[in-house]
Amino acid sequence: SAFQVRAILLIMRPDDANVAGNVHGGTILKMIEEAGAIISTRHCNSQNGERCVAALARVERTDFLSPMCIGEVAHVSAEITYTSKHSVEVQVNVMSENILTGAKKLTNKATLWYVPLSLKNVDKVLEVPPVVYSRQEQEEEGRKRYEAQKLERMETKWRNGDIVQPVLNPEPNTVSYSQSSLIHLVGPSDCTLHGFVHGGVTMKLMDEVAGIVAARHCKTNIVTASVDAINFHDKIRKGCVITISGRMTFTSNKSMEIEVLVDADPVVDSSQKRYRAASAFFTYVSLSQEGRSLPVPQLVPETEDEKKRFEEGKGRYLQMKAKRQGHAEPQP
Amino acid sequence: SAFQVRAILLIMRPDDANVAGNVHGGTILKMIEEAGAIISTRHCNSQNGERCVAALARVERTDFLSPMCIGEVAHVSAEITYTSKHSVEVQVNVMSENILTGAKKLTNKATLWYVPLSLKNVDKVLEVPPVVYSRQEQEEEGRKRYEAQKLERMETKWRNGDIVQPVLNPEPNTVSYSQSSLIHLVGPSDCTLHGFVHGGVTMKLMDEVAGIVAARHCKTNIVTASVDAINFHDKIRKGCVITISGRMTFTSNKSMEIEVLVDADPVVDSSQKRYRAASAFFTYVSLSQEGRSLPVPQLVPETEDEKKRFEEGKGRYLQMKAKRQGHAEPQP
Amino acid sequence: SAFQVRAILLIMRPDDANVAGNVHGGTILKMIEEAGAIISTRHCNSQNGERCVAALARVERTDFLSPMCIGEVAHVSAEITYTSKHSVEVQVNVMSENILTGAKKLTNKATLWYVPLSLKNVDKVLEVPPVVYSRQEQEEEGRKRYEAQKLERMETKWRNGDIVQPVLNPEPNTVSYSQSSLIHLVGPSDCTLHGFVHGGVTMKLMDEVAGIVAARHCKTNIVTASVDAINFHDKIRKGCVITISGRMTFTSNKSMEIEVLVDADPVVDSSQKRYRAASAFFTYVSLSQEGRSLPVPQLVPETEDEKKRFEEGKGRYLQMKAKRQGHAEPQP
């Protein structure tokens, strides 16, 4: 069952897009995750043994390379690129196709990590059947990526940032002015048939909050430019209420970095405490009506924590800029 | 755990709005109910003891104060304002925020009553943990509201109006001409995780039927102006088919009152009969392209029943008008 | 419980329609099936005995007589027209109503066959209570339709066409150029409360793929003109991944025939193999901005199989044309 390739086609509908007709980054992330969940669940059940469902553990940093618009067909293909004993690496590519002109563009390349959970007991991680590699180097390269992400997950651990608190009458351009929280009652259509929230649903909500923060800050049409690595620390079970909070951490001339925190609250189960389920940094850019990138108002950090987060954001920004210039890739 | 305040943010999408871009009243009612269900379920589970889910029992009369449009962010906040032994009163406020201009407007203030049902047996009502009031008067005022709504519920009981029957070739402006029925097969996404329909889902369908009746009558762009108190007489369980019927009862110069009846039919369970699950009066107004309120064609009641309902509607209209003028509040 | 008539009303929303504002044929098929499922489930549970849910077994060939647009109200009514020992025939009519002008048009007439499956064991088919006919001939005519469809189902059996395979760099106007596959992970909201996919959900996905194939081929605005009979060979259970593949088989001057294959893959259950769940031919036409039908580019069949399928499609096209002219009905 070596490498598998599958394609998902979806027509983008009005509800998938903002007022300017650009499809939300979150909608794209949700499609990517659905493809990843299908291919890895299928692979992990390809041998006899205990039945399982693949749960999203991590998404690597990903850039949104070109916008997708209403009426275009999203073409999502997925491939298993590596397996460790307990995890599957999936590479997903998204193309946008204008079916009237036939034009296709690469929208997104993403790498996701899944772990197989037993259907009988979703707290038990099962073993992953090995893939067959066509070239010897593939296994070695995959192992390096596996070790690198494992290390990074352990380093960042839970990035247990404080909770976003409301502030009365904040000044424009401050962190408090644009910070936003969204509460979502997990419903049946958010969940897998096995009772936990799809990783893609969580990412879509995260992008939605980040978008509200960005729009409040710069009051223009905004689009997702990139998302850094997202670790899913713990499953979100059905019956939870999730709070997704976003706050701006850093602005460059033409980009905004927004930290998004996801907390799950098992409302009906008082034996379980509220916990941080995921967190990530989203980068947004502001676009003119003609789709050209605009300067953004500079963020004014006020508290010591805000200043610290601003400097950390600047560090990530400069590091990514250097990396892109090193690779001679175009800037988003 | 005294008073709790939470905020839900949601971007209004094209599917939430009519052709003129105004968000349906039903969409707003659904958001309000979701906020109420979250805060009251959380409160009722805040102490050790049997786990429960809060079910909507009643929504007090509510006005739609200003329209909400596509692309705006709905800001829903909820607060527990009173608890009796077996019920929770929640006050929900909805603001619309234009994130590009930053302008905010109060859209809606609603009061909802919930009862906690045991997760093990949804026919069993549990006890509600008391809230701590910051001012002594709050408890006393709450008790008065509790007694008043209890009395009104007992008085109206099931308002067991007859069923809306189709009529062949009705004349324009008659009740028969605009009356409408919608049948809905309850699906998993309409239900809580505990197998009954969300009150908000029912209210959204009720508003949808009322809107069809109003549009058929006056053939213009119409919006919800207010909804009178809705009592939820009985849970609607999964597997039901619900019939939502609407008929115009009264017209003033610039408003239409529509009675909406909700009947549940437990299709697959012949031991249970069809029952009236809820009923309410919706008031709609007709708007010009520029958003100004238009005169509406006068309703022509034909049968004795229709004439009786017209007079009752007129009574409600005059009472509400007097109340608003007494309070010197602006007319909707 | 003789003949039952029910009406479902639904406002068509932006997400139900293509860029030209025409509601997708698949959305209409889904509404038709919901009406059929409600009326036949209700009828099959109208007597005491084992409880059941009606599962779609077959939809007869149906034409889309006039387009439905965003903002219009769909008026779906259903009637039981025949019952055999184990199946129910339902006739469904769809009208579109412009609620601003009051204009109504017949959009669709469809005939569906359902079988009642036991709620305790969805592999067991129960008996159907007989209907009472108002005219003696109705039973006899119904029996003829029943025998005819039974024969046709046995003849076509599973129409086990090969799988649609991707081709690199195909030429325009070839079958490979426009062929498309969509993968869908079955979610809770796709399913009945009894754990299998609604027939209407499958038909909506089938129309979606057919539409993508048609648009890729002719690069214009396209609409569904008709669907031939669809047999549902086997239930699709929750937890499946379904692959819906479409390929163009035939073009006349102004129409395109697209074959759509539905394969179900019980991902998490390796004891069950991938199986063909349904298949059908959709006919699409190309429309100008003003809604007039346009000539379509001629399909260029390349392989022997493609040429064979083209001739078979031509046969169906000529047969249907002759039938319509024989009945002196207007061409779609």
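Being part of a helix (DSSP H, G or I) and without any contact (Cβ under 8 Å) to a residue 60 or more places away in the chain is the filter; apply it to segment B:188-212 and report the residue that is farthest from the chain's Cα centre (by Cα). Per the stated criteria, the residue is B:PRO188. Taking (1) more than 14 Å from every other protein chain (Cβ to nearest Cβ); (2) within 21 Å of the chain's Cα centre (by Cα); (3) over 30 Å from A:LEU287 (Cα atoms); (4) crowded, with 22+ Cβ neighbours inside 10 Å in turn, B:THR81 satisfies each apart from (4).
Considering the conditions (1) more than 9 Å from every other protein chain (Cβ to nearest Cβ); (2) at pLDDT 85 or above, C:CYS52 is excluded by exactly one of them, (1). The number of residues in segment B:185-213 that are at the interface with chain C (Cβ under 9 Å from one of its Cβ atoms), of a type outside the set (A, V, I, L, M) and closer than 29 Å to B:THR251 by Cβ comes to 2. Taking segment B:214-332 and the strands (runs of 3 or more DSSP E) fully enclosed by it, the elements with 2 or more residues that are within 14 Å of chain C (Cβ to nearest Cβ) are at B:221-227, B:241-251, B:256-265, B:275-287. One residue alone among C:LYS144, C:LYS124, C:LYS120 is more than 14 Å from chain B (Cβ to nearest Cβ) and closer than 22 Å to C:THR41 by Cβ, and that residue is C:LYS124. Can you give me the ranges of the strands (runs of 3 or more DSSP E) entirely in segment A:66-119 with at least 3 residues that are within 23 Å of C:ALA214 (Cβ to Cβ)? The qualifying strands (runs of 3 or more DSSP E) are A:73-83, A:88-97.
Looking at A:GLN165, A:GLN179, just one residue is more than 16 Å from the chain's Cα centre (by Cα) and not assigned by the TED database to the domain that holds A:SER252, and that residue is A:GLN165. Would you pick out the residues in segment C:14-46 that are among the hydrophobic types (A, V, I, L, M, F, W, C), part of a loop (DSSP other than H, G, I, E, B) and more than 9 Å from every other protein chain (Cβ to nearest Cβ)? C:ALA20, the sole residue that qualifies. Filtering A:LEU56, A:LEU112, A:LEU106 for residues that are more than 27 Å from C:LYS273 (Cβ to Cβ) and either of a type in the set (Gly, Ala, Ser) or surrounded by fewer than 19 Cβ atoms within 10 Å (Cβ to Cβ) (or both) leaves a single hit, A:LEU106. Here is the figure for segment B:266-286: residues that are within 26 Å of B:TYR177 (Cβ to Cβ) and crowded, with 19+ Cβ neighbours inside 10 Å total 9.
Which one of these does C:ASP228 not meet: (1) at pLDDT 90 or above; (2) buried (at least 20 other Cβ atoms within 10 Å of the Cβ)? Checking C:ASP228 against (1) at pLDDT 90 or above; (2) buried (at least 20 other Cβ atoms within 10 Å of the Cβ), the one that fails is (2). Against the conditions (1) in contact (Cβ under 8 Å) with a residue 24 or more places away in the chain; (2) away from chain C (no Cβ under 12 Å); (3) more than 27 Å from C:GLY36 (Cβ to Cβ), B:TYR177 satisfies every one except (2). Test A:VAL19 against the stated conditions and say whether it is modelled with pLDDT of 95 or more and in contact with a Gly (Cβ under 8 Å, 6 or more places away or on another chain). Considered against the rule, which asks whether it is modelled with pLDDT of 95 or more and in contact with a Gly (Cβ under 8 Å, 6 or more places away or on another chain), A:VAL19 comes out as no.
Restricting attention to segment A:95-117, the residues that are away from chain C (no Cβ under 14 Å) and in contact (Cβ under 8 Å) with a residue 60 or more places away in the chain total 5. Considering B:GLY246, B:GLY291, the condition of being at positive phi and either surrounded by 22 or more Cβ atoms within 10 Å (Cβ to Cβ) or not acidic (Asp, Glu) (or both) is satisfied by B:GLY291 alone. Checking C:GLU72, C:GLU33 one by one, the residue that is surrounded by 19 or more Cβ atoms within 10 Å (Cβ to Cβ), acidic (Asp, Glu) and within 25 Å of C:SER288 (Cβ to Cβ) is C:GLU72 and no other. Looking at A:GLU171, A:GLU89, A:GLU139, A:GLU127 in this structure, which one is surrounded by fewer than 14 Cβ atoms within 10 Å (Cβ to Cβ), on the phi < 0 side of the Ramachandran plot and acidic (Asp, Glu)? On inspection, the qualifying residue turns out to be A:GLU171.
The values are calculated or read from the model by the stated rules, or taken from the named source; none is laboratory data. Just so it is clear, the structure is predicted and the values come from calculations on it, not from any experiment. Don't worry about glycine lacking a Cβ; one is built from the backbone with ideal geometry, like all the others, and counts go over all protein chains shown.
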